[in-house]
There are 2 protein chains.
Amino acid sequence: MRDFSADHTALALNTASLGHNVEGAGAGWSPEQVIDACAARGFGGIVFWRREIGNRAIKIGDRVRAAGMQVVGLCRTPYLVGSGTPPKLEAEVWQSIDMAAELGAPVLTIVTGGTEPGTKGVIETQKLLVDRLAGFAEYAARQNVALALEPLNPMFGGNRTCVFTVAEALAICDRVGATNLGVAVDVYHVWWDSRLTESLRAAKGRILGYHLCDWLENTRDMLLDRGMMGDGIADLRTIRAAVEGAGYDGACEVEIFSAENWWKRDPAEVLDVMVSHFRACC
Amino acid sequence: MRDFSADHTALALNTASLGHNVEGAGAGWSPEQVIDACAARGFGGIVFWRREIGNRAIKIGDRVRAAGMQVVGLCRTPYLVGSGTPPKLEAEVWQSIDMAAELGAPVLTIVTGGTEPGTKGVIETQKLLVDRLAGFAEYAARQNVALALEPLNPMFGGNRTCVFTVAEALAICDRVGATNLGVAVDVYHVWWDSRLTESLRAAKGRILGYHLCDWLENTRDMLLDRGMMGDGIADLRTIRAAVEGAGYDGACEVEIFSAENWWKRDPAEVLDVMVSHFRACC
């Protein structure tokens, strides 16, 4: 297991932590400001959201690398299933894959979307998901982009996801059978799962992203009350040991949706706290 | 599988559906009003919360039976672990067991409480839970009361539970090894679990309660936005088939926490809708 106590080159910022992915949230820093602030603090990489990139993917990607960091990934495809899928789904997914390629992001994250209208549970929805993933994985492979299927906490069933655990995400990947499809492991979504260590063992070579934050003991909001690493009850070291045991040696991406706390602070302070907590608690 | 389309004698009201378990919520009907309204509509039973019973357990239990129904269960023990446990835990658990016995409720539900202060994850907490359950199950056995361990949706990790799936609840029961300890299956908490059918198969003879509501596609509140059966996306019939496949032939208890919808309606209307949706959707 890597020792981060005096080395945070594996630390990556997911810009959601500064509120950038929600209209009107956060300090509104430009990608350039974020890049400079991360580089100044020795971050290893950044993960952007599509809405920040617009048509400047190549320029922003180049700027990250010129600052000595990597574009670790791009968030995310539109929902692929459920009532939240966009009208022109295929075109929008292709665009998101193209954007990842232009940014130089090796990984595009997938949040699946929820239960298909007119159906119950998730079994029918997962069938459709498998079909669609197969097509999109093929397109992504041509662009040299990998797709990371992210299981979400079961509270996001219904409208946001139909995949709830690492085991379930791996089963979906097996059914699709594409070499550029793997899983993203986010401690917020999986910390509670007593089968997690076992599931991650089966994820050998298929973990495409590791997302950090913490689960606050008294979570007040489903979506926007994530904690800074160390402030909650997730067993971060045990989870990372299992993730690295599965061969993952990539970036650790901090993604903290926090409308009432971290998004209200100066981004410079948030980034400083992130570095110190990453070294101390992760 | 039982046919409820023209028979709702298996239907039980959990009084939480009328807002009774939260201070200031609901219409504030007395237990007697609830009993009369349920009996008038042909309900088979009622599940009360401790706060409604006070020192009138024997009287209320007798009144339910005199009205031709059963007291199906009592909600619930205080938290047994985590920072929300009461100062005099043992005495309060004993009191709740005594109350169930006096009511004539065969089952007392357990919501475990969350992660122990000073620990991470749930493994240490579950060890403590197993120890405490062993002692309380022994006390309950002497009172002829069964304890139903209820796994909660993973969104309630941290401060409300350390048991998230039916499989995990059964594993805890195995470790305790008490014949009067089983599980409660609530569709709100377990609908998303793709291992549910398999887990319920292993629950043969150990299901002590089956709780109904629905998971709304767009759930707006973690705690108080449950749906009426049929209004959401849980696959209620498939779940009940698995529950009955495990030998459960008891009451189906409707428990709908719904601050912004059902708790604002006339309880008489809520009960009428409950009967018709139970027959049509469950």
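The values are calculated or read from the model by the stated rules, or taken from the named source; none is laboratory data. Since this is a predicted model, take the numbers as computed values, not measurements. Note: ideal-geometry Cβ built from the backbone for every residue, glycine included; neighbour counts use all protein chains shown. Calculation scope for accessible area: heavy atoms of the full protein, side chains included, ligands and nucleic acids excluded. Shrake-Rupley method; radii C 1.70, N 1.55, O 1.52, S 1.80 Å.
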Residue-by-residue Karplus 3J(HN,Hα) for segment B:193-200, coefficients 6.51, -1.76, 1.60, Hz, glycine and proline x: 7, 6, 8, 4, 4, 4, 5, 5
Residue-averaged [θ]222 nm for chain B, counting only DSSP H segments that reach four residues, each worth -39500 (n - 2.57): -11000 deg cm²/dmol
What's log10 of I(q)/I(0) for the protein assembly as shown at q = 0.06, 0.10, 0.11, 0.12 Å⁻¹, Debye sum over Cα points only, no solvent? -0.32, -0.84, -0.99, -1.13
Report, in debye and to the nearest 20, how large the dipole of the protein assembly as shown comes out about its Cα centre when Lys and Arg carry +1 and Asp and Glu carry -1 on their Cβ. 520
Calculate one ³J(HN,Hα) per residue across segment B:123-133 by plugging θ = phi - 60° into the Karplus curve 6.51 cos²θ - 1.76 cosθ + 1.60, and present them in order as whole Hz with x for glycine and proline. 5, 5, 4, 5, 4, 5, 4, 4, 4, 5, 4
Taking a probe of 1.4 Å, how large is the accessible area per residue of the protein assembly as shown, in Å²? 37
Length added when fully stretched, A:Asp266-A:Arg142, from 0.36 nm per residue minus Cα-Cα: 40.6 nm
Skipping prolines and chain starts, which residues have an amide H placed within reach, meaning under 5 Å, of the one on B:Ala146, given they are 5 or more residues away or on another chain? B:Val107, B:Leu108
Loop-resident trypsin sites (Lys or Arg not before Pro) in segment B:69-129 with no more than 14 other Cβ atoms inside 10 Å, DSSP not H/G/I/E/B, are B:Lys88
Would you work out the charge dipole size for segment A:173-280 about its Cα centre, treating the Cβ of every Lys and Arg as +1 and the Cβ of every Asp and Glu as -1, and quote it to the nearest 20 debye? 420
Which whole-Hz couplings ³J(HN,Hα) result when phi for each residue of segment A:179-185 is put into the Karplus expression 6.51 cos²θ - 1.76 cosθ + 1.60, θ = phi - 60°, listed in order with x for Gly and Pro? 5, 9, 10, x, 10, 10, 10
For segment A:106-206, give the percent of accessible area contributed by carbon and sulfur heavy atoms, probe 1.4 Å, rounded to a whole number. 49
Quick one: grab Rg to one decimal and Dmax as a whole number for segment A:101-249, Cα atoms only, in Å. 15.3, 45
Asked for the total accessible area buried by A and B (1.4 Å probe, Å², nearest 100), one would answer 2500
In chain B, lysine pairs closer than 28 Å at Cα, eight or more apart or cross-chain: 4
Among B:Ala167, B:Leu271, B:Thr9, the residue whose Cα sits farthest towards the positive end of the charge dipole of chain B, when +1 is placed on the Cβ of each Lys and Arg and -1 on the Cβ of each Asp and Glu, is B:Ala167
Rounded to the nearest 5, what % of DSSP beta bridges with both residues in the protein assembly as shown are antiparallel? 5
Go through segment A:226-282 and name the GluC sites (Glu not before Pro) that are in a DSSP coil and have 14 or fewer other Cβ atoms within 10 Å of their Cβ. A:Glu260
Mean Cβ-within-10 Å packing, highest first, puts peptides A:231-237, A:217-223 in the order A:231-237, A:217-223
Charge dipole of the protein assembly as shown about the Cα centre (unit charges at C-beta), most positive-ward option of B:Leu216, B:Leu74, B:Leu200: B:Leu200
